[in-house]
Structures are given as C-alpha cells and as structure tokens.
Amino acid sequence: MISQLRSLLKSGVIGVNERNLNLINTRNPRSLMHRVNDKVETKSLADAADIQNPKLFGVIRDGRDLARLQDIIALGGKDGCVIKPANGSQGKGVLVIERPLMGAWRLSSGRRVDAADVRYHVTNILSGMYSLGGQPDAAMIEYRVRFDPVLDRICFKGVPDLRVIVLGGVPACAMARLPTSASDGKANLHRGGVGVGVRVNDGVTESAMQGNRLIDCHPDTGEPLSGIEIPHWDDILTMAARAYDVTGLGYIGVDIVLDRDLGPMLLELNGRPGLAIQIANRRGLRDHLAAIAALELDDRDVGTRVRFAKRVYETSFDVPTATPVGTPPDGGATVTRLPNGSRNDSAAA
C-alpha cells in the first residue's frame, strides 16, 4: 500500500486531501460556492454573461407551484424537457422527458410516466431527497439537449458531455463522459459511465477508463475511443475559461454538452470536481497545475488564457501542436474525421 502511494505521488497524481487543501480551500471562497451549487443561479450568471446554456422553462419552488408543472413541461413541446434538482449532484434526481406520449410522457429510458409519476418525482426533489445536504430544494424544467451525432457511435443512449477543469481561468485538462448500459444512459462516471481523456491543445481523445479500469473501446458499442477529434474545441475551451470570470472560483469543473443544432452549451459547474479525470487521461496533474499557477494569468483576457492553456499542456506532456487528419500522433492513435466533417484547424493557434 505504501509503495503504491509513493508511486502515485511520484507520478504527480493528486489525491482528495491535496485537492481539498491546496485547490478548493485556497481558491474557492465559501461565500461564492452558491454560484455553482445552485443551478438556477448558475444559469442566471451564464445568461448575464451571454454564455449559451439550455433554456430554462420554469422553476417549481414549493407545493403551490405544482399547479403549473404540466404547463411548464408543455413548453418543451414534442421535443420534451429535463427536470432536475437545482442543488443536486452526480446526476441524482434528473428526469429526462423525451416526448409526449398519449396523454403522458416517454422518458429517455423508454419508460412511460403519467402526470402523477412526474408530480411525485418533483415532490421528492422539493423535499431535498437529491439535494446537497438533504436541504429543501427547487425543481428546474429546462430544454432537452439533442446531442451532436459526432459522438453517437461511441455512446449508449443518453447524452454525453465534456468536463473541463479550469485553474485560475486557464483550462487545464479535459475529458468526455460517455453513457453506457451500466450507467442507465447517464454520463456520470460513478454510475458506470466512461471517461475519455481529451488533449487540451487540440481536442483529440487519447485514452479511456470505466470505474478504475483502463479501457480502449466502449463497453457497449465496441468502438475505439482514442483518436477522435471533438468539434468546436476552441469554443469549448473559451466557454470553460469564461466560467471563471462569472463565478470568481479559481478551481472548477465545467460541464459542457454539444447540441446538434446549437453547438456547445454550458450544462453546469462544479466547485469540487472529482479526480477521475487523471485516470481518464492517464497522467497526474500536480506538476501541470503548478505550471499553470506559476503563470498567474487570472487577470488576462480569455483568448490569452486559452492560448496559454494549449502551450502549457504541450510543454507539460510533450504532445504535438497539431495533428493532420489521418496522421498518427505520438500515442499511435489515428485522428478520425467525424460524421459531421468537423475539423478544428485553429487548434494549434
């Protein structure tokens, strides 16, 4: 056990205690944590900063608001909506309504629910069943993202997302989180989703994990997970960097989804992001985060911070500055042009 611990420390892997003491406690003032813990407030901040996010149809805050529930759900029309706790975490309490179905609704899982079922679920949200600390909560009803088919072949139902860790306004590391049958179509890693490491400098996937196991292919589709280029990569990094400006928190996880029609959308923010992203990328983050912190770029403009993010990543991990389509990078994986033909030619800027 001690030898394993020493090996992890030597490789630069950050543990929970180190994250809490040196990153969260020092960079995330408690007085500002409500900006990311409360998803309604997060959306308000994002809207004020013109950061694209799923449209909020309405909020149910107490029993009196329940009378408006069906009317709010109806705002999603034939495309459905998402109901989730404002102060939830780890995907708990999220109900994805795919579309109306004969006086009721069809969920993304295929199950049919009626008005009583949905009302009961929202009542549980209000009671605090899914909230941080079990405190009374509010239920949000928002636009249901139709994910970009760019990741369709390496997903099992559900909506994949992208997690970017941002330190002092500088995107430090990233991964894609993919739904699986084990995770019941949700992208949360603790529920069995797949984490795929993504290079910050060019948005190309390199490695993957499920649980604490390293994998090369998606467990349901069998598709290889490395060498895939994420579209809109510069926009994703810019959105992640701007999250620092609107929250004032120095160490955050920024969750972004790719909508097939609207492009990147800010899903939510996390003031205590997990550390599995190190396993997904197969590299520790201690030295890399230290290099970013030494730059002291907090007050620089977003474009500068994104450019430096790419350069520091290339220096820290000795990765190529650009990879032509079809050319194997240093890891041996082949870069794939995705179904929508996307290509981020400015990745090395």
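The values are calculated or read from the model by the stated rules, or taken from the named source; none is laboratory data. Bear in mind the structure is a predicted one, so any value in this text is a computation, not a measurement. The protein model used for the area step is the full one, side chains on, heavy atoms only, and it has no ligands, DNA or RNA in it. Shrake-Rupley method; radii C 1.70, N 1.55, O 1.52, S 1.80 Å.
Any idea what the relative contact order of the chain is, in percent, if you count C-alpha pairs under 8 Å spaced at least 6 apart?
On the way: 738 pairs, mean separation 64.5, N = 349.
Relative contact order of the chain: 18 percent.
Roll a 1.4 Å probe over the protein chains and send me the accessible area per residue for the stretch 19-159 in Å². Can you show the working numbers first?
Values: 7120 Å² over 141 residues.
For the stretch 19-159, the solvent-accessible area averages 50 Å² per residue.
Count the lysine pairs in the chain whose Cα atoms sit under 18 Å apart, keeping only pairs 8 or more residues apart in sequence or on different chains.
Lysine pair count for the chain: 12.
Taking only Cα atoms and a 10 Å spring cutoff, compute GNM fluctuations for the chain and point out the largest among GLY203, GLY169, GLY58.
GLY58
Using a Gaussian network for the chain with springs between C-alpha atoms less than 10 Å apart, which of these wobbles most: LYS39, LYS157, LYS310?
Of the options given, LYS157 has the highest mean-square fluctuation.
By its C-alpha gyration tensor, with a ≥ b ≥ c as the square roots of the eigenvalues, how is the stretch 189-328 shaped: rounded for a/c under 1.5, else prolate for a/b larger than b/c, else oblate?
On the way: a/c = 1.42, a/b = 1.33, b/c = 1.07.
Rounded shape, in that the Cα axes give a/c under 1.5.
For the stretch 71-80, just list the computed ³J(HN,Hα) in residue order, Karplus coefficients 6.51, -1.76 and 1.60, θ = phi - 60°, integers in Hz, with x standing in for Gly and Pro.
3J(HN,Hα) across the stretch 71-80, in whole Hz: 5, 5, 4, 4, 5, x, x, 5, 8, x.
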